[in-house]
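Q: Have a look at this one before I ask anything.
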Amino acid sequence: MTTHTLAGLGLFLTGAAFSQVLAFGIAAWRESRRERQIDDTLGPPAPDPSDLNE
């Protein structure tokens, strides 16, 4: 393999890794946003009854 091929492969893999990180970051942001909207609409979740018996 030539240096040019290795450089291209490195850039491709770096771009793929960056895309994965970006996708997971967006998914986590959307999930937290959705949970916040649910909490704003319904209020906070009720306490777990098993925690009260301790």
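Q: Roughly how many Å² is the accessible area per residue of the chain, as a whole number, for a 1.4 Å probe?
A: For the chain, the solvent-accessible area averages 95 Å² per residue.
Q: Counting only protein heavy atoms, what percent of the accessible surface of the chain is carbon or sulfur at a 1.4 Å probe? Before the final figure, lay out each step's value.
A: Working: 3290 of 5150 Å².
Solvent-exposed carbon and sulfur of the chain make up 64 percent of the total.
Q: In the chain, with Lys and Arg counted as +1 and Asp and Glu as -1 at Cβ, which of these residues, 28, 41, 9, has the Cα nearest the positive end of the dipole, that is, farthest along it?
A: Positive-end residue among those listed: 9.
Q: Once both axes come from the Cα atoms, what is the angle between helix 3-42 and the longest principal axis of the chain, in degrees from 0 to 90, rounded to 10?
A: 10
Q: Classify the chain as rounded, prolate or oblate, taking a ≥ b ≥ c as the square roots of the eigenvalues of its Cα gyration tensor: rounded when a/c is under 1.5, otherwise prolate if a/b is larger than b/c and oblate if not.
A: Judged from the Cα gyration tensor, the chain comes out oblate (a/c at least 1.5, b/c at or above a/b).
Q: What distance in nm lies between label points placed 7 Å from Cα along the C-beta direction at residue 1 and residue 31?
A: Taking the two extended label points, one gets 3.3 nm.
Q: Where the only charges are on Cβ atoms (+1 Lys, Arg; -1 Asp, Glu), what is the dipole of the chain about its Cα centre, to the nearest 20 debye?
A: 520
Q: Another question, then. Once every DSSP H run of n ≥ 4 in the chain is given -39500 (n - 2.57) and the sum is divided by its residues, what mean residue ellipticity at 222 nm do you get, rounded to the nearest 500 deg cm²/dmol?
A: -28500 deg cm²/dmol
The values are calculated or read from the model by the stated rules, or taken from the named source; none is laboratory data. No experiment lies behind these values; they were computed from the predicted model shown. Every residue, glycine as well, gets a Cβ built from its backbone with ideal geometry; the counts of neighbours run over all protein chains shown. We work out accessible area using only protein heavy atoms, side chains counted, and drop any ligands, DNA or RNA first. Shrake-Rupley method; radii C 1.70, N 1.55, O 1.52, S 1.80 Å.
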